[in-house]
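Let me begin by presenting the structure, written as structure tokens, before commenting on it.
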Amino acid sequence: MKIISMALCLLATTLGVMLHGDENVPAPPRERVVQTRRLTGQVKLDGRLEEEDWRRPPLNGFTQNDPDDGKPCSERTDVWLAYDDDAIYVAARLHDSDPGRIIRLLSRRDESVDADYFYFCVDPLNDKRSGFMFAVNPSGSITDRVIYNDSWTDTSWDGHWEARTTIDDGGWSVEMRIPFDQLRFKKKDNGEEYLWGVNFRRDIKRKNERATFAWVPKTESAFVSRFARMEGMRGIAPRRLFEVIPYTIGKANFLQEEPGNPFRIGEEFLANAGADIKLGLSSSLTLDLTLNPDFGQVEVDPAVINLSAAESYYSEKRPFFIEGAQIFEFGTGGATSSIGADWSTPRLYYTRRIGRAPQGCADTDGFVDYPDWATILGAGKLSGTLGGGWKLGFMTALTEREYAVIDQEGRRSRWEVEPFANHSVLRAQKEFNQGRQGLGFMATSVLRDLRTDDLSSMLSRQAFSLGVDGWTFLGKKKTWAANGWLAGTHVNGTKEQVSALQRSFPHYFQQPDADYLKLDDGATSLSGMAGRFSLNKEKGNVLINAALGFISPGFDSRDMGYQSRGDVINGHVMLGYRSFKKWKFIKEWDALLFTQRNYNFGGDRIGEQRVILINDLTFTNFWSAYWQWSHNPQKWSNSWSRGGPLMRMGQYDWIDWGIWSNSRKPLVLSFGGYHLLSNWGRSTHVGAFTLQWKPAANFNVSFSPDYEVSKNPAQWLANVEDPVKSDTYGTRYVFGNLDQKTLSCSIRLNWIFSPRLSLQGYIQPFIAVGAYDGFKELRRPRSYDFIDYGTGTSIIALDDGKYVIDPGDGGAPLTLDDPDFNYKSLRGTVVLRWEYRLGSTLYLVWTQDRADYQDPGDLSLGRDLGSMLRAPGDNIFMLKFTYRFKI
């Protein structure tokens, strides 16, 4: 009944707000029309605008979004468009009344910096939902993006195009050349005219001004759908792309020596080769292939300490997988705004699963050399559009069978630690009525060739998922957007593997007080469902968002995807207001109020049940601030006991806040914090700041330290079966008080010698210290009551790094490893990148990783920093050379 009541409440609220109009929504601007012409001569791409084609009347009339939405651009901007058989050309004259203050920071490819910019945006399919964005700043640094879902962008795409700029005493100028083989569009027959959507944007950073040619008010969530209509292009044909980019690589690994270990002798030298192939199967369908890829140039993952049941999530950094990633996004189309509200959408496709570290473990007391990752033999990706308006994405990858090498007193053997596997994903989506509706599906599969008992007992043989998603805009003005998705998963394996899967996070089918769950140790498969449905108001000053989602206990997408929770029904309603009118020293602001609840499938109220107030402020000096407060009443937790009974979680409050200075200044500062308080001993305090220094146009460095102090009076340690404990279903659920301190700092350096030559550095010192005391066990289910060890008849003693506990109730003694820790890590990457010709790159990379574990449970900053810096480290040097052949 609780679940039904919440659903009815959400439905009633949704229907009520749908009937509410918004008087502040302005009428949409009329569509602008621009003309392009075929070039009368050749363009020398130098940024000087000396060609005859740039002497005809220009396009102008830009309108601000910032700082004064709807007002004319403060500086004149003139734009010209032209084309030939091979490319489209864009020229722009960006007049400036104070050219000495033009901000012209250098950056490496695809890194946006706080500088002036000119953008050309184009929708070649004229679907009013997708397109491409090309940007250049006065220094000649370029970036490009794919636009999707009308206003979202993805920077992972790297197109091969050119731009040149010049600066003079009247402003700056731009020339762009974008080959047609970098764009996707359909061929017109018999000289029929091409109709594309286009837009232009100018950023004047010293004024924090942003102006566009086809203006969209800030109260509306739209972009591509409001582009100007470009006419006049005829007699061209889309070009099929065919590129081959082979690579060669050399590595020198200088590793920490380990006495007696034949695999850690201090140094090793490696060489490798492979290739990337990009083939245009048609004008709108592209095949990407990678053979024996190597991603040694990517930045190392940050260090973390994770004491939760869920695995850590790491962002993808490998170029093959991040390029075009927006094609495989699922469940996000339609609405341009989404509210999480303690909802974590399970991912059906998480690319870090492909080529991850082997999951098996060799059963030996000898020395073992494990592979760093499962080698990707090859991968292919098909993306683009098909007939009938379908958008398609398909990826498949083969990973090699991997072995650990065992050395036992000089005798060598191999142990399989990762099976040969295939990972595949298929994504298709069709839009109707110029993007007003959409419908799509996604399917994934993981197929493993399991040949050993140990891998068969821990890995699924087959794992599948299938989901459908869609959206529709409501009303003639598309004021409302409703979207949703529904997905199912199915996993096959041995009885041992499926039994372990049922008992693991996030399923916990063995929960003794969950009558709705059934553990089946004889099962060889596991299936489940998940979905979410939401409604969002897209326009106006009044903001409204509501959603209802669920993840069934048997849903598991983790073979190919990522999932951080299960067995949950989540819903929220959010109301808010935003204003873009200046008021005294405030430029714009918004305020949001929402409430949210979670239930499990047994009807118990779990997780976050809260009321949240959020406020964002931007000031007239372009500083900004943010804060939110959350009140969380009592609830149950179904994860604290790691598969045991529900536990009572007391109420608590938290506040999150941040302040950011004006990013256009040479010195940029941001700082903030997070504070959780309760009356039952749980607390967290986090303080962080970032200082970015830009002393020159081509150099900047940032320093981002943060410090966290947390106290958890019930950190889970172990579940120990004991038939004496009938009050807790024959298991002791052991906890301890954890006092944890974490100090980390991200340091980044960018030294840009030219738009094609750059040096970037990243280093992260990290210290995490945890001290445990107050060991105890749960007294009874559905409570927060404990039996403290070391009181009454129970005894606890620390002996040689282990706690020996006599519970004093006639039960068997139990032993725990001392859980105190002091983890110190120093990780870093330095990359010299030179794009010596268009699409061809030379990388020189140095990666270092060192760690130390001395003095567990005790933080002494000076001593621990010294231990971290003195710890032996692994140093890896890499030279990678790629060359682009355009065929």
### Task
Report, by residue number, each residue of segment 651-674 that is in contact with a Gly (Cβ under 9 Å, 6 or more places away or on another chain) and either over 30 Å from I103 (Cα atoms) or of a type outside the set (V, I, T) (or both).
I655, D656, W657, G658, W660, S670, F671, G672, G673, Y674
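Yes/no per residue for (1) open to solvent by 40 Å² or more (accessible area, probe 1.4 Å); (2) within 23 Å of N261 (Cβ to Cβ); (3) free of Cβ contacts under 8 Å to residues at least 12 places away in the same chain:
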site: W373; (1), (2), (3): yes, yes, no
site: K381; (1), (2), (3): no, no, no
site: L386; (1), (2), (3): yes, no, no
site: G389; (1), (2), (3): no, no, no
site: M395; (1), (2), (3): no, no, no
site: L398; (1), (2), (3): yes, no, no
site: V425; (1), (2), (3): no, no, no
site: Q437; (1), (2), (3): yes, no, no
site: G440; (1), (2), (3): no, no, no
### Query
Hey, any hits in segment 809-821 for a residue that's part of a strand (DSSP E or B), surrounded by 14 or more Cβ atoms within 10 Å (Cβ to Cβ) and among the aliphatic types (A, V, I, L, M)?
yes
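Quick grid of which residues meet (1) out of contact with any Lys or Arg (no Cβ under 6 Å at 6 or more places or on another chain); (2) open to solvent by 30 Å² or more (accessible area, probe 1.4 Å):
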{"position": "I249", "(1), (2)": "no, no"}
{"position": "N272", "(1), (2)": "yes, yes"}
{"position": "L285", "(1), (2)": "yes, no"}
{"position": "D294", "(1), (2)": "yes, no"}
{"position": "G324", "(1), (2)": "yes, no"}
{"position": "A335", "(1), (2)": "yes, no"}
{"position": "W343", "(1), (2)": "yes, no"}
{"position": "T351", "(1), (2)": "yes, no"}
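Name the residues in segment 462-491 that are in contact with a strand residue (DSSP E or B) (Cβ under 8 Å, 6 or more places away or on another chain), closer than 30 Å to P217 by Cα and surrounded by fewer than 17 Cβ atoms within 10 Å (Cβ to Cβ), would you?
Answer for segment 462-491, where residues must be in contact with a strand residue (DSSP E or B) (Cβ under 8 Å, 6 or more places away or on another chain), closer than 30 Å to P217 by Cα and surrounded by fewer than 17 Cβ atoms within 10 Å (Cβ to Cβ): L474, K477.
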### Message
Quick test of your reading of the structure: M574 fulfils all but one of (1) at pLDDT 95 or above; (2) assigned to a strand (DSSP E or B). Name the failing condition by number.
### Response
(1)
### Message
So, T595, is that one over 22 Å from G340 (Cβ atoms), part of a strand (DSSP E or B) and of a type in the set (V, I, T) or not?
### Response
no
## Note on the structure
The residue from D150, D158, D69, D78 that alone is more than 24 Å from G235 (Cα to Cα), assigned to a strand (DSSP E or B) and among the acidic types (D, E) is D78
## Note on the structure
When segment 219-256 is checked residue by residue, the ones that are within 36 Å of the chain's Cα centre (by Cα), modelled with pLDDT under 90 and in a loop (DSSP other than H, G, I, E, B) are T219, S221, A222, P238, R239, R240, L241, L255, Q256
### Message
It is to be established whether one or more residues within segment 692-709 are in contact with a Pro (Cβ under 8 Å, 6 or more places away or on another chain), hydrophobic (A, V, I, L, M, F, W, C), assigned to a strand (DSSP E or B) and open to solvent by 60 Å² or more (accessible area, probe 1.4 Å).
### Response
yes
### Summary
All conditions in (1) open to solvent by 20 Å² or more (accessible area, probe 1.4 Å); (2) more than 18 Å from M647 (Cβ to Cβ) are true of C745 except (1)
### Count of residues meeting criterion [open to solvent by 10 Å² or more (accessible area, probe 1.4 Å), under 23 Å from A91 (Cα atoms) and touching a Gly at 6+ places or on another chain (Cβ under 6 Å)] in segment 127-156
0
### Query
Out of (1) at pLDDT below 95; (2) buried (at least 22 other Cβ atoms within 10 Å of the Cβ), the odd one out for I178 is which?
(1)
### Summary
Of the residues in segment 465-500, those that are under 20 Å from D520 (Cα atoms) and touching a residue at least 60 places away in the same chain (Cβ under 8 Å) come to G488, T489, V491
### Task
Please identify the pairs in which a residue from segment 331-342 that is among the aliphatic types (A, V, I, L, M) has its Cβ atom under 9 Å from the Cβ atom of a residue that is in a loop (DSSP other than H, G, I, E, B), counting only partners at least 6 apart or on another chain.
A335/N149; A335/S221; A335/E538; A341/E608
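Among the candidates G873, G810, G866, G828, which residue alone is closer than 23 Å to R748 by Cα, out of contact with any strand residue (DSSP E or B) (no Cβ under 8 Å at 6 or more places or on another chain) and not charged (D, E, K, R)? Break it down into steps so the answer makes sense when it comes.
Working: G873 fails: out of contact with any strand residue (DSSP E or B) (no Cβ under 8 Å at 6 or more places or on another chain); G810 fails: closer than 23 Å to R748 by Cα; G828 fails: out of contact with any strand residue (DSSP E or B) (no Cβ under 8 Å at 6 or more places or on another chain).
Of G873, G810, G866, G828, the one residue that is closer than 23 Å to R748 by Cα, out of contact with any strand residue (DSSP E or B) (no Cβ under 8 Å at 6 or more places or on another chain) and not charged (D, E, K, R) is G866.
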### Query
Inside segment 840-877, can you point out the residues that are closer than 30 Å to G159 by Cβ and surrounded by 17 or more Cβ atoms within 10 Å (Cβ to Cβ)?
T841, Y843, V845, T847
#### Entry: Enumeration of residues in segment 517-566 that are in a loop (DSSP other than H, G, I, E, B), of a type outside the set (G, A, S), over 24 Å from the mean Cα position of the chain (by Cα) and over 30 Å from F223 (Cβ atoms)
L517, K518, L519, D520, D521, T524, P553
### Message
Return the pair list, or none, for Cβ contacts closer than 7 Å from residues in segment 65-94 that are within 17 Å of A214 (Cα to Cα) to residues that are of a type in the set (S, T, Y) and open to solvent by 10 Å² or more (accessible area, probe 1.4 Å), at least 6 apart or on different chains.
### Response
G70/T63; P72/T63; C73/T63; E75/S97
## Note on the structure
When every residue in segment 396-410 that is small (G, A, S) and part of a strand (DSSP E or B) is compared, the one nearest to F223 (Cα to Cα) is A397
### Task
Name the one entry in S97, S107 that is among the hydroxyl-bearing types (S, T, Y), part of a loop (DSSP other than H, G, I, E, B) and either touching a Pro at 6+ places or on another chain (Cβ under 6 Å) or at pLDDT 95 or above (or both).
S97
### Query
Hey, among the residues in segment 110-126 that are open to solvent by less than 30 Å² (accessible area, probe 1.4 Å) and among the charged types (D, E, K, R), which one's farthest from G61 (Cα to Cα)?
D123
## Note on the structure
Listed by first then second residue, the pairs whose first member lies in segment 624-643 and is touching a residue at least 12 places away in the same chain (Cβ under 8 Å) and closer than 23 Å to H675 by Cβ, whose partner is of a type in the set (S, T, N, Q) and assigned to a strand (DSSP E or B), with beta carbons under 6 Å and at least 6 positions apart or on separate chains, are S624/T618; W627/N615
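Being at negative phi and small (G, A, S) is the filter here, so list the residues in segment 720-779 that pass it. Can you show your working first?
Initial filter on segment 720-779 (at negative phi): 720-728, 731-773, 775-779.
Across segment 720-779, the qualifying residues are S726, G736, S744, S746, S754, S758, G761, A768, G770, A771.
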### Query
Can we say E50 is open to solvent by 30 Å² or more (accessible area, probe 1.4 Å), closer than 23 Å to I167 by Cα, of a type in the set (D, E) and out of contact with any Lys or Arg (no Cβ under 7 Å at 6 or more places or on another chain)?
yes
### Task
Please go through segment 411-451 and pick out each residue that is of a type in the set (A, V, I, L, M), out of contact with any His (no Cβ under 7 Å at 6 or more places or on another chain) and either farther than 17 Å from I327 by Cα or not in a strand (DSSP E or B) (or both).
V417, A421, L447, L450
### Task
Might you let me know whether segment 571-583 holds any residue that is within 21 Å of W629 (Cα to Cα), polar (S, T, N, Q), in contact with a strand residue (DSSP E or B) (Cβ under 7 Å, 6 or more places away or on another chain) and surrounded by fewer than 22 Cβ atoms within 10 Å (Cβ to Cβ)?
yes
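The values are calculated or read from the model by the stated rules, or taken from the named source; none is laboratory data. Because the structure is predicted, anything quoted here is derived from the model rather than measured. Methodologically, a virtual Cβ is constructed for each residue, glycine included, from the backbone with ideal geometry; neighbour enumeration extends over all protein chains shown. Side chains included, ligands, DNA and RNA excluded: accessible areas come from the protein's heavy atoms. Shrake-Rupley method; radii C 1.70, N 1.55, O 1.52, S 1.80 Å.
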